[in-house]
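Below is one structure, written out as structure tokens; the observations come after it.
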Amino acid sequence: MRVKILGSAAGGAFPQWNCGCPNCRAVRAGGFRGKARSQAQVAISNDGKTWFLLGASPDLRAQIEATPELHPRDGVRQSPIAGAVLANADIDHVLGLLLLRELQPLSVYATDSVHRILTEDNSMFAMLQRVPNQVAWSRFTPRTIFPLHTATGTDSGLRCRALSLGTHFPAYISPQRQGELSAEEASLGLIVESRIVESKIVESKVVESKIVGTSSGKRLAYMPAVPQIDDALLKEFESADVLLFDGTFWSDDELIRIQGSGQTARQMGHVPVSSADGSLRRLAGLRRPRKIYVHINNTNPMLNEAGPEYRQVREAGWEIAEDGWQFDL
Ligand SMILES: [Zn+2]
């Protein structure tokens with residue numbers, strides 16, 4: 001499986017348009033030791049040719065242009081992007097779908113709750129349904145393994161399973177509507193596994209593909225919003241080869257201290273990196289996975305590579321994702 005991190009920041013990106021925090025001011029001024037980042041976006045592929053997006057960020061157009069593997073290869077209208085898997089209905093996570101509306105066939109995977117929010121409550125998403133077979137929606141339930149297929153039914157060899165992590169739907173969904181939806185489908189983490197696919201290719205088109213072998217044994221855990229870490233989750237992480245984990249906030253009261261008001265990290269569904277029960281401590285015992293922080297908010301001091309927080313994270317064996325990173329597993 002090939003994994004590309006197209007965007008590594010939390011919602012709002014870094015710098016954020018209306019933010020004058022020390023990080024945003026410094027990166028605009030040009031003297032910052034660290035990099036600007038676009039909003040969180042991951043792309044995965046089993047063969048390096050057909051790609052699936054994990055979420056669809058508002059920065060997707062620029063992220064695609066910055067990534068040659070995702071440019072059209074043949075024909076006037078074509079894309080290596082076969083589809084997307086949605087982990088929640090947050091604007092930062094789904095808005096990019098509207099940027100993919102140019103009648104390109106796509107396979108989009110979502111829970112029933114997220115599907116209903118997008119297609120029944122938000123009429124703009126009808127742009128994805130203008131012609132038959134434009135977007136093929138597939139519903140999945142948490143904990144069940146589902147295969148990722150292209151819109152024409154070709155098996156990518158990628159297998160996905162969602163973990164139910166948070167019970168809060170985005171603020172734009174009314175309390176009444178939330179009552180009609182399944183809370184366990186509100187906010188998910190994704191486990192992706194690659195399997196070996198044998199494809200029959202005729203005149204450079206895949207005409208048949210079948211899975212050979214049960215699994216390559218390689219596993220990616222994508223967890224951009226984790227409200228708390230329990231033992232079951234630790235076990236999942238220990239079975240992963242790469243863990244992309246919630247690096248949104250350094251401390252629980254980060255936004256309140258910078259803005260003077262607002263919610264704590266935990267109230268927003270993010271366990272902070274630091275503190276006694278933060279992710280650095282709670283995940284210190286993990287042995288198997290390569291540990292990478294993603295979804296980093298612009299206020300997080302670990303973005304500053306000259307600062308003690310950055311050093312602390314790196315010395316603990318973690319990496320801090322940057323836009324454009326790629327790895328194979
Ligand atoms: Zn900022």
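The numbered conditions (1) more than 16 Å from the ligand (Cβ to nearest atom); (2) in a loop (DSSP other than H, G, I, E, B); (3) farther than 23 Å from P272 by Cα are all true for A43 except (2).
Starting from residues that are within 12 Å of L303 (Cβ to Cβ) and open to solvent by 10 Å² or more (accessible area, probe 1.4 Å), keep the ones in the stretch 1-15 and report whichever is farthest from the ligand (Cβ to nearest atom). Result: A13.
With the condition kept exactly as written, say whether any residue in the stretch 236-259 is surrounded by fewer than 14 Cβ atoms within 10 Å (Cβ to Cβ) and within 16 Å of the ligand (Cβ to nearest atom). For the stretch 236-259, residues surrounded by fewer than 14 Cβ atoms within 10 Å (Cβ to Cβ) and within 16 Å of the ligand (Cβ to nearest atom): present. Check the stretch 121-133 and report whether any residue there is touching a helix residue (DSSP H, G or I) at 6+ places or on another chain (Cβ under 9 Å), within 20 Å of E185 (Cβ to Cβ), open to solvent by 60 Å² or more (accessible area, probe 1.4 Å) and part of a strand (DSSP E or B). No. Identify all residues within the stretch 281-304 that are within 16 Å of the ligand (Cβ to nearest atom) and either on the phi > 0 side of the Ramachandran plot or part of a helix (DSSP H, G or I) (or both); write none if there are none. Passing the criteria: H295, P301, M302, L303.
From the list R33, R25, R61, which one is outside any loop (DSSP other than H, G, I, E, B), farther than 29 Å from G157 by Cα and either away from the ligand (no atom under 12 Å from the Cβ) or not acidic (D, E) (or both)? Walk me through it before giving the result.
Numbers: R33 fails: outside any loop (DSSP other than H, G, I, E, B); R61 fails: farther than 29 Å from G157 by Cα.
None of the other options fit; the residue is R25.
For the stretch 78-98, state whether one or more residues are open to solvent by 60 Å² or more (accessible area, probe 1.4 Å), in a loop (DSSP other than H, G, I, E, B), more than 16 Å from the ligand (Cβ to nearest atom) and more than 23 Å from D246 (Cβ to Cβ). Checked the stretch 78-98: no residue is open to solvent by 60 Å² or more (accessible area, probe 1.4 Å), in a loop (DSSP other than H, G, I, E, B), more than 16 Å from the ligand (Cβ to nearest atom) and more than 23 Å from D246 (Cβ to Cβ).
Could you run through the stretch 31-70 and say how many residues are loosely packed, with under 13 Cβ neighbours inside 10 Å and modelled with pLDDT of 95 or more?
From the stretch 31-70, those loosely packed, with under 13 Cβ neighbours inside 10 Å are 31, 33, 48, 61, 65, 68; that's our starting set.
Cutting the leftovers down to modelled with pLDDT of 95 or more gives us 33, 61, 65, 68.
Of the residues in that region, 4 qualify.
The values are calculated or read from the model by the stated rules, or taken from the named source; none is laboratory data. Since the model is a prediction, treat every value here as computed from it, not as a measurement. Positions of Cβ are generated from backbone atoms using ideal geometry, with glycine treated the same way; all protein chains shown enter the neighbour counts. Side chains are part of the model used for accessible areas, which takes the heavy atoms of the whole protein and leaves out ligands, DNA and RNA. Shrake-Rupley method; radii C 1.70, N 1.55, O 1.52, S 1.80 Å.
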